[in-house]
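Structure first, then comments.
The values are calculated or read from the model by the stated rules, or taken from the named source; none is laboratory data. Source: prediction; values computed, not measured. Cβ coordinates were reconstructed from backbone atoms using ideal geometry, including for glycine residues, and neighbour counts include every protein chain displayed.
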Amino acid sequence: MRASPYLVARLLLLSFLPIFVVESKEVKIPPWNSVLPHSINDLEAIQSRIQNSFYNVKKSVVSVVAEDGAGSGVVVSPEGLILTAAHVIGESGREMKVIFDDGSQAQAVSLGGSELSDAGMLKVIDAVPEFFAPIALSSQSAVGDWCFALGHPNGFDLSRGLVLRVGRVIRKKEETMQTDCRLLGGDSGGPLFSIDGEVIGIHSRISQDPEANFHTTIESFHSNWDYFMNEDLHTFQAMQRGGFLGVYCEESTDGLLVLEVVPDTPAEKAGLQHGDLLTHLDGNLLDSREKLTILVSSQSPGSKIVLDYSRESRDVSVRVELGKRNSPE
Amino acid sequence: MKFHLSSCFLLSGFTCFLLGDLNEKHDSLPSELRINGGSITKILGKYKDEILQSSVKLFRNDKLIAQGILVDSAGYILSKASSSVGARTMRTFNNQSFPIRIRKRDERTDLALWQVLGPPKIWETVQWVDLNQSTALGTWSTATGRAMSEIKLGVISANPRIILREGGVMGVLLEDLNISTSGIPITEVLPHSSGDRAGLIIGDRILKVDGRAMQSTDQINQLMHNKDPGDLLTLRVNRKGKEVDIRITLGHRSVGFDLFNRNLLMSGPVSKRRDHFPFVIQNDLPLEKEMMGGGLFSLKGECLGINIARVDRVSNYTLPYPIILPVLNTWLRELR
């Protein structure tokens, strides 16, 4: 069948019209959102945006001091909640000292966190911090974004003050992201900010490659906020002792996509399959891999959970008796 | 004509493809788009050329040891004194080599002035600028890298300040005594410190340092403060009633604390002299210790100062232009 000239014309119009519209509007991408800055002016625009944000947030960054070392952290609420790294707090309920940028000090106590993502929380107990930084919502940061890292490498130094590093997000997956902001010991737990001055990550590990350091994503905090605030520090050790399901998952916008079901595990017995989309565990929304691991392994082997998932757009609910993790040989 | 047209289409198609590709979401940011991946410093254009033309690399026995900047059209080069010791030649960005000799050196700033030897020539020199230090934090800055035409990018990263002398340390804690005729007792020896390596033990009483009697803790501290890490001293100590002489090589203050030790290991080679400067600005550029002595430049190629120490993997110190100016002017006046 030959297409009528009328149809061809309509198709042509349809395919060209959107282009004309875009061009007539003259879309201008700000230099910090474009793939590459094109001129010195662009670089200067990025610089002044970062400088503005830096002056807005710098008083929220603290040095965290324990007997065995020093890290950094960032105050994120008027009540004095501090986001930091799990390896900076070490355990829950520990008394620590925080130092603000003007050298004043306060007592803080460690709350919870997770060694999986290296997320940790602290709370100031004997002072009301004057400044706190805004945190980004989930999925606000992406690969290529400009960002800046703040912290106290080598510990607190009043005359030096905070140390600023500027970079871009070079990788981001689940609970970890990498940037080319250069980090050093003492930076751990310090904040990674978006160009607009919102916390998008927390410094975690220093890479051998100085231009690809690791940060915990703010998404990891959002997903496990209540657990980190009120419960415990989830350790690798607790994970070994706790309940076990037996699935490998990947995060997606609708839930956790099952990539693999390990043979002879509770997951297999419950009938889970590759491609299932896990959505809730005991009514808790599964919005991160880490949350599934924490919810499963904070229960003891033998306890029963209710798992909701969807398979081929059909919602299913199963009761699963958790097993025991085979300890690594 | 037909041929031209089709190749135009091909070209534009190719560019579209490239741009489309870059705009897509990547698993990881392609390395050329990272801060020091090369694409960003390309936009500096003619300013990059100006930076390269007024910068040189200093060599000792064909080994790159430091960088320098041309500060006078008669061929005077400014560099970091303690890094450029023994330099014999300099190379320009286009790999021309010239013999050089040292003319001046200043202990306070760790600056040295070198002169290019050979037939007279008019040299391109740096254009100095005084950075407004109160608003400097976060300002882009650039410096020459290891490769001949390489430029590194970073920012001013901390408060400008005086860097005090670090002094050497023994890595021991002493009892605080105002006056003692029977020596100053050691109350703690930090593991792996120079005191530990020299064999000092808790309870040793320090009687003399290099033959001088020590009567107070302050006296010992003051003496150490005026020594450098690496200095060799002889201690006379009273150990359980017996007097023994112990030779000790002083260490860095930082060593002895785990965090600092690890950081030193993570940082790779750092400048030998990285303390005791009259005033510095700090930057986060990824520079190696052989890049010290070179200039720190603005995006428009103006020279803000001289990179004077690689301190660790997140910090370099730069002597700002106002500190350099009086030293340089005196030298040039004397030489002309």
Matching entry among A:T253, A:T235, A:T265 (being surrounded by 12 or more Cβ atoms within 10 Å (Cβ to Cβ), under 29 Å from A:S204 (Cα atoms) and of a type in the set (V, I, T)): A:T235
Residue in the range B:282-290 that is more than 29 Å from A:G71 (Cβ to Cβ), more than 10 Å from chain A (Cβ to nearest Cβ) and in a loop (DSSP other than H, G, I, E, B) present: no
Of all residues making up the range B:97-141, the number that are crowded, with 18+ Cβ neighbours inside 10 Å, without any contact (Cβ under 8 Å) to a residue 24 or more places away in the chain and small (G, A, S): 1
Helices (runs of 4 or more DSSP H) contained in the range A:215-329 and holding at least 1 residues farther than 30 Å from A:C147 by Cα and free of Cβ contacts under 8 Å to residues at least 40 places away in the same chain: A:236-241, A:266-269, A:289-297
Some residue of the range A:184-198 being buried (at least 24 other Cβ atoms within 10 Å of the Cβ), over 24 Å from A:L36 (Cβ atoms) and among the polar types (S, T, N, Q): yes
Filter result for A:D209 (in a loop (DSSP other than H, G, I, E, B) and either surrounded by fewer than 19 Cβ atoms within 10 Å (Cβ to Cβ) or not polar (S, T, N, Q) (or both)): yes
Residue pairs meeting the criteria (Cβ under 7 Å; at least 6 apart or on separate chains; first within 14 Å of chain B (Cβ to nearest Cβ), in the range A:184-198; second part of a loop (DSSP other than H, G, I, E, B) and hydroxyl-bearing (S, T, Y)): A:S188/A:S204
Selected residue [of a type outside the set (A, V, I, L, M) and under 30 Å from A:Q47 (Cβ atoms)] from B:F93, B:F98: B:F93
Criterion (surrounded by fewer than 22 Cβ atoms within 10 Å (Cβ to Cβ), more than 14 Å from chain B (Cβ to nearest Cβ) and under 23 Å from B:P160 (Cα atoms)) met by exactly one of A:I99, A:I125: A:I99
Residues that are of a type in the set (K, R) and within 18 Å of A:T253 (Cβ to Cβ), drawn from the range A:279-328: A:R289, A:K291, A:R311
Conditions (1) within 14 Å of chain A (Cβ to nearest Cβ); (2) in a helix (DSSP H, G or I); number of the one not met by B:S83: (1)
Candidates B:P326, B:P278, B:P322, filtered to the one that is surrounded by fewer than 19 Cβ atoms within 10 Å (Cβ to Cβ) and free of Cβ contacts under 8 Å to residues at least 60 places away in the same chain: B:P326
Residue tally, condition in contact with a Lys or Arg (Cβ under 8 Å, 6 or more places away or on another chain) and assigned to a loop (DSSP other than H, G, I, E, B), over the range B:212-225: 1
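Here is a yes/no grid of residues against (1) within 30 Å of B:E32 (Cβ to Cβ); (2) in contact (Cβ under 8 Å) with a residue 40 or more places away in the chain:
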{"position": "B:A143", "(1), (2)": "yes, yes"}
{"position": "B:E188", "(1), (2)": "no, no"}
{"position": "B:S193", "(1), (2)": "no, yes"}
{"position": "B:I220", "(1), (2)": "no, yes"}
Odd one out for B:D231, checked against (1) under 30 Å from B:G305 (Cβ atoms); (2) within 14 Å of chain A (Cβ to nearest Cβ): (2)
So B:I122, is it assigned to a loop (DSSP other than H, G, I, E, B) and outside the structural domain of B:M292 (by TED's automatic domain parsing): no
Residue match in the range B:150-169 (condition: surrounded by 18 or more Cβ atoms within 10 Å (Cβ to Cβ), more than 14 Å from every other protein chain (Cβ to nearest Cβ) and farther than 30 Å from B:P322 by Cβ): yes
